[in-house]
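The values are calculated or read from the model by the stated rules, or taken from the named source; none is laboratory data. Treat the numbers as computed from the prediction; the structure is a model and nothing was measured. Every residue, glycine among them, receives a Cβ derived from its backbone with ideal geometry; neighbour counts consider all protein chains shown.
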Amino acid sequence: MKGNRLKTLGFALLGGLALLFAGCGQQGGAQPGDGRVETVGIDLGQPGPGGVLQGVINIRVSVNEGARVRTIALEVDGQEVNRVDVQGLRAQSLQPQAITYTIPLDTAALGTDGQPRFRNGTRTLTVKVTDAQGNTKSATTQSVFRNPDRVRGIVVEQTDNPKAPATRGGIPYYGNGDPTVRLDIVNYSGATYTLATPNISLGVGNSVSIAVSGGAGGELRDLTIQRDSVQQNSFGATLNGAAISGQPAFRLPKASNNDAEGLVQLKVLQQGPTNSTALATLTFGLDNKAPTQPSLEAKRVTEVRFNSVSGEFATSTRFRGNASDTGVAGITYTLRLTAQVGTEQYEIALPKNLAGVVSKVYDYTLIAEDALGNRSSPSRGTLTVADRTFSVTVTNANQIQANYDAGQRLNFGSALFNVQGQSPPSSQPVQLVLAIRQGNNLLPLVEGQNQFGQVRAAHGVEYAVVAVDGAGNFAVLPLNFNIAANPADATPPTLSVNNSTASASSYTITGTVQDNVATSNGRLVAYVEAGSAGGFTLFAYADKDRFTDYPTFPNYGEGSIGTTPTSFTLPSQSFNITGSSFGAPPDTRALRVVAVDGAFNATIASATVTVP
């Protein structure tokens with residue numbers, strides 16, 4: 001019986017690939033034999049000039065006829081690089097006269113350290129074939145490996161600052177220390193690559209050459225590292241570096257680059273006969289400069305925006321820092337308070353309120369620190385913390401009517417409400433505000449008792465008098481009286497308000513309103529959240545800065561309300577949030593819109609505004 005067999009079994013250097021069956025048998029009768037491996041041959045195919053091997057090659061391994069192969073192992077310089085179990089991959093009843101196996105070998109393979117597993121030079125290749133009975137035969141040959149070195153990239157490393165790298169805009173930043181820039185070369189040749197000069201000065205457009213020595217062939221020549229310009233957030237200062245001996249690398253000491261703050265782009269070029277080729281490019285940030293001009297800002301619960309520190313502050317006041325930084329940013333702020341009288345000291349990470357701080361006068365220092373730990377010079381000043389308690393009382397309760405009709409003026413006397421029990425006493429005046437009370441939300445109407453009489457009672461809302469001092473302390477007196485609806489129209493408007501997203505400097509409030517009865521003298525008034533304390537949330541008119549600020553009456557917010565849904569935008573011009581003074585983005589504030597129809601029926605709708 002004659003047979004013709006072709007078997008291929010692939011064998012990968014690092015394992016995991018099937019043997020590629022690529023041998024052919026010769027014609028002849030089937031002979032049982034004992035399956036013993038008697039002879040093994042190794043053939044490298046057609047290597048390059050001078051027997052040089054490069055990249056992936058196919059090694060052909062031949063065994064004698066009738067051999068039943070169990071395993072094949074491949075060694076390079078005596079080190080086993082793989083082993084494959086062959087037994088069972090073919091039917092045992094078939095007895096070919098000869099079998100050839102083709103095994104791929106990647107001469108350019110990398111080790112776990114990312115560097116070549118085999119350097120260029122003469123290598124000994126050995127295949128070991130074991131048969132089903134455990135007998136092993138081998139074959140050996142020699143060849144020269146010669147793969148060309150290649151640039152894998154540019155690497156920046158820093159070990160003396162645990163905060164590095166810090167990321168801004170997806171780009172890693174280094175600094176506040178001595179980062180290292182290294183040319184990452186996959187080095188097959190064994191050559192030594194170094195910088196041609198010990199001291200490096202790289203302005204934009206400047207370059208430094210790479211020197212090459214030694215090597216067994218395949219070395220890279222005519223390499224330079226060039227600094228290119230960056231369109232955004234770049235800096236013009238020269239990079240000053242120190243070459244690292246025996247490496248294609250240089251260090252960027254902070255002491256030599258104090259003005260570095262921004263992005264750097266480096267490019268590896270290889271000069272050819274007519275032009276240069278870019279082999280690698282890297283953009284990274286370098287920042288050794290601290291934030292500048294740190295300042296302390298505060299926002300009392302009665303205020304919408306942050307402002308510079310002035311006057312007294314209740315501990316409910318929220319403080320934050322502000323500083324300039326064109327580098328990595330990611331600024332954090334630390335506020336340190338030292339009592340002018342006494343031993344109290346506090347260290348507070350901002351933004352935060354002053355909960356737990358004892359009321360007295362403090363000297364403060366503010367430190368701004370960027371994401372790499374570059375710390376600013378301290379900003380210093382004086383801060384007065386003044387928590388006070390007081391209450392609002394009524395001089396003569398009989399002067400407050402128990403019942404009002406919708407639209408009737410609230411005829412309170414000009415001296416009906418008093419502030420009592422102020423502790424500790426203060427020479428600063430306390431302001432009285434008449435507000436709409438929506439649960440624990442306080443929406444201001446007017447400030448000053450002599451103005452309360454301008455307000456007309458609205459059916460569907462409740463009222464309160466709020467006393468506010470200059471530090472942001474406040475007290476609330478709910479007003480409990482009944483407001484009867486107009487018998488001709490007791491239905492409030494239907495109101496819907498959209499959530500708003502602010503632009504960099506402004507926002508608007510939009511929605512729809514309708515009523516069962518058309519009116520030309522309805523009102524739409526918008527409010528924005530100022531702050532919360534003591535279980536209450538204080539609002540301000542959306543175009544004002546404080547709970548105590550109010551617009552000109554009597555026509556504020558006046559307009560038509562129809563019987564079909566009508567879109568509105570409040571106010572006619574966008575509210576100015578003056579950028580980040582509104583709050584540290586993302587800052588989301590509650591909104592309230594009050595709609596009052598011609599019969600003085602009122603409804604309140606909620607939404608939010610977010611500064612992204």
Residue check for residue 247: without any contact (Cβ under 8 Å) to a residue 24 or more places away in the chain and assigned to a loop (DSSP other than H, G, I, E, B):
no
How many of the residues in segment 437-454 are over 49 Å from the mean Cα position of the chain (by Cα), crowded, with 18+ Cβ neighbours inside 10 Å and over 16 Å from residue 467 (Cβ atoms)?
0
Answer yes if at least one residue in segment 109-128 is over 23 Å from residue 216 (Cα atoms) and in the same structural domain as residue 55 (by TED's automatic domain parsing), and no otherwise.
yes
Scanning segment 403-422 for residues that are at pLDDT 90 or above and among the small types (Gly, Ala, Ser) gives 406, 407
If you check residue 184 against the conditions, is it in contact with a strand residue (DSSP E or B) (Cβ under 8 Å, 6 or more places away or on another chain), of a type in the set (D, E, K, R), in a strand (DSSP E or B) and in the same structural domain as residue 226 (by TED's automatic domain parsing)?
yes
Being within 26 Å of residue 594 (Cα to Cα) and of a type outside the set (Asp, Glu): is that true of residue 433 here?
yes
Within the bounds of segment 273-292, is there any residue that is at positive phi and either touching a helix residue (DSSP H, G or I) at 6+ places or on another chain (Cβ under 7 Å) or surrounded by fewer than 18 Cβ atoms within 10 Å (Cβ to Cβ) (or both)?
no
Go through (1) modelled with pLDDT of 95 or more; (2) among the charged types (D, E, K, R); (3) not assigned by TED's automatic domain parsing to the domain that holds residue 156 one by one and return the number of the condition residue 305 breaks.
(1)
Among the residues of segment 273-296, count how many are under 25 Å from the mean Cα position of the chain (by Cα), assigned to a loop (DSSP other than H, G, I, E, B) and not hydrophobic (A, V, I, L, M, F, W, C).
3
Consider residue 212 against the criteria (1) out of contact with any Ser or Thr (no Cβ under 9 Å at 6 or more places or on another chain); (2) in a strand (DSSP E or B): it satisfies all of them except one. Which criterion is unmet?
(1)
If we ask which residues in segment 297-309 are of a type outside the set (S, T, N, Q) and in a strand (DSSP E or B), their number turns out to be 4
Of everything in segment 420-436, what is buried (at least 18 other Cβ atoms within 10 Å of the Cβ) and more than 13 Å from residue 463 (Cβ to Cβ)? Give them in sequence order.
430, 431
Suppose we filter segment 304-333 for residues that are buried (at least 17 other Cβ atoms within 10 Å of the Cβ) and free of Cβ contacts under 8 Å to residues at least 40 places away in the same chain; how many remain?
2
What pairs come out if I take residues in segment 406-418 that are farther than 18 Å from residue 468 by Cβ and surrounded by 19 or more Cβ atoms within 10 Å (Cβ to Cβ) and pair them with residues that are at pLDDT below 95 and among the charged types (D, E, K, R) whose C-beta lies under 9 Å away, six or more apart or interchain?
406/456; 410/456
Per-region count, segment 225-244, residues of a type in the set (Ser, Thr, Tyr), assigned to a loop (DSSP other than H, G, I, E, B) and within 12 Å of residue 285 (Cα to Cα):
0
Members of segment 438-463 that are outside any helix (DSSP H, G or I) and over 17 Å from residue 529 (Cα atoms):
447, 448, 455, 456, 457, 458, 459, 460, 461, 462, 463
Those residues of segment 142-159 which are out of contact with any Gly (no Cβ under 7 Å at 6 or more places or on another chain) and at pLDDT below 95 amount to 142
Restricting attention to strands (runs of 3 or more DSSP E) lying wholly within segment 310-429, give those where 1 or more residues are aromatic (Phe, Trp, Tyr).
318-324, 332-339, 345-350, 361-369, 389-394, 403-405, 417-423
Scope segment 556-591; condition at pLDDT 70 or above and outside any strand (DSSP E or B); matching residues:
556, 557, 562, 563, 564, 565, 586
Flagged in segment 523-532 as buried (at least 20 other Cβ atoms within 10 Å of the Cβ) and farther than 18 Å from residue 498 by Cβ, in numbering order, are 523, 530, 531
